[in-house]
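Structure first, then comments.
FYI, it's all coordinate maths here, none of it is from the lab. Everything numeric here is computed off the predicted structure, so don't read it as measured data. All Cβ positions, even for glycine, are placed from backbone atoms using ideal geometry, and neighbour counts span all protein chains on display.
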Amino acid sequence: MTTLPQTVLQRIALRKALGQDGYHDALLKIASGDTDTLAEWDRPLTADERTARKQLIFDLWLAGGTTHDIARQLVIRQNAVFESVQITRDSALNQLVTEDPPVYNVWNFNQCDPRFGQPHPGQIQGQVLVNLLLWLTEPYDMVVDPMAGGGTTIDVCKYLRRRYRCFDIDPRRPDIQQWDVSKGYPRLYRKPSLIFLDPPYWRLKRDEYSKNGAAMGSYKEWLKFMGELAESSAAAVKPGGHIALMSESFLDEKETGRFLFINRDCTVLFEKAGLKGVQEISVNFTSGIKSFRDVQYAKQKGILLDLKRDLLVFKRSK
Ligand SMILES: C[S@@+](CC[C@H](N)C(=O)[O-])C[C@H]1O[C@@H](n2cnc3c(N)ncnc32)[C@H](O)[C@@H]1O
């Protein structure tokens, strides 16, 4: 492979990164001495290929790739990656849709915006991320989501031109890296301006998540996980940066028999990790998400159904 001309290596790397095939056959032919194939693959990159590579470099950089890694992957100079990003990042901002950041701390969204995230048992409305990112970050700031589920954060980051690194213990799409955040964060290279945390709300939807994840075990064990997550997130976020945590308090009839103030218990843990609480946002569902049976059950038992989640926002001191 190393004896091949540079252009051939670059063309193969580009095809590979774009998920296009054809390069295996070409390599076999070149290896067997086919000089026509070699000449064809050694011709300068076409205008279309150069455009595709420019877009790919930008996409990889937005996905948190370092110039060093992108250069290695595409067999080009690091400087070329750097220059390409500089040019594309400005023009990409010109196409950005301008939206206003939120003004109030009650956010009501009926449904998930289909542009953000793929169906997932824990999928949140992408509009939550849109509001959060508009409020707390600038274009090309780094956003990290260690429990990314259906990738809502990724799609919103692409939409608003924020850089991102997204992980999950059970990744369900290729742009989410497999990682168990109970071990802390993987090497991030660049400290994020915002960490978005949307963990399983203890045992809710346990059966639909990975058997190794944070939804398993007792409430006490979940709080231990959350305490460690608070510590590792406080260390990972940029000084002056924010950590936003989605939580849903609920009446746990099944295991503890108590109303679990998840928001209050987590606030204690995150403040203990040295973070300052700066906002509590109510993110509400409409009653349409509850079934007729849910409503009948609540009436019979004299209990209230949950339509509210809290988005708790913390800040690391500078
Ligand atoms: C509420 S869902 C996140 C949904 C996501 N915000 C979305 O909009 O699609 C919680 C996610 O946490 C993940 N998870 C649970 N324990 C984890 C762990 N220890 N490390 C990483 N991810 C974990 C689950 O696999 C699940 O995808």
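Listing for the model above:
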item: Relative contact order [Cα under 8 Å, 6+ residues apart], the chain, whole percent; result: 13
item: For the chain: rounded, prolate or oblate by the Cα gyration tensor [a/c cutoff 1.5]; result: prolate
item: For segment 196-202, 3J(HN,Hα) per residue [Karplus equation, 6.51 cos²θ - 1.76 cosθ + 1.60, θ = phi - 60°, Hz, x = Gly/Pro]; result: 9, 10, 10, x, x, 7, 6
item: Pairwise label distance in nanometres, GLN86 with GLN296, each label 7 Å out on the Cα-Cβ vector; result: 6.8
item: At R0 = 45 Å, FRET efficiency that the Cβ-Cβ distance of ASN79 and ASP207 yields, to 0.05; result: 0.30
item: Inverse mean reciprocal Cα-Cα distance (Kirkwood Rh) of segment 88-227, Å; result: 16.0
item: LYS224 paired with THR98, simple spin-label distance in nm, labels 7 Å along Cα-to-beta-carbon; result: 5.2
item: Integer Hz, Karplus 6.51/-1.76/1.60 couplings in order for segment 129-139, x for Gly and Pro; result: 5, 4, 4, 4, 5, 5, 6, 10, 9, 10, x
item: Gain on full stretching of the segment that runs from ASN108 to ALA31 - 0.36 nm per residue minus C-alpha separation; result: 21.6 nm
item: Environment charge at THR88 (Cβ cut-off 14 Å; Lys +1, Arg +1, Asp -1, Glu -1); result: +4
item: The chain - share of DSSP beta bridges that are antiparallel (%, nearest 5); result: 55
item: Computed [θ] at 222 nm, deg cm²/dmol, the chain (DSSP H ≥ 4; -39,500 (n - 2.57); rounded to nearest 500); result: -12500 deg cm²/dmol
item: Virtual paramagnetic centre 7 Å along Cα→Cβ of ALA235, amide N under 19 Å, in segment 255-283; result: 269-276
item: Karplus 3J(HN,Hα) series, Hz, for segment 57-70 with 6.51 cos²θ - 1.76 cosθ + 1.60 (x for Gly, Pro); result: 4, 5, 4, 5, 5, 4, 7, x, x, 7, 4, 4, 5, 5
item: Neighbourhood net charge (13 Å Cβ-Cβ; Lys/Arg +1, Asp/Glu -1) for HIS120; result: -3
item: Distance (nanometres) between label positions extended 7 Å along Cα→Cβ at GLN178 and GLN123; result: 2.4
item: Highest to lowest packing among 240-250, 132-142, 35-45, scored as the average C-beta count within 10 Å; result: 240-250, 132-142, 35-45
item: For segment 75-103 versus segment 288-318, the gap between their alpha-carbon centres in whole angstrom; result: 39
item: Extension gain, ALA47 back to LEU307 (0.36 nm per residue minus Cα-Cα distance, nm); result: 88.3 nm
item: Out-of-range pairs (alpha-carbon distance over 24 Å; input LYS254/LYS301; LYS16/LYS211; LYS290/LYS315; LYS224/LYS318; LYS158/LYS183); result: LYS16/LYS211; LYS290/LYS315; LYS224/LYS318; LYS158/LYS183
item: Neighbourhood net charge (11 Å Cβ-Cβ; Lys/Arg +1, Asp/Glu -1) for THR153; result: -2
item: Under-5 Å amide H pairs with PHE250, H placed in peptide plane, nonlocal only; result: LEU260, ILE262
item: Reciprocal mean inverse distance between Cα atoms of segment 6-92 - Kirkwood radius, Å; result: 13.6
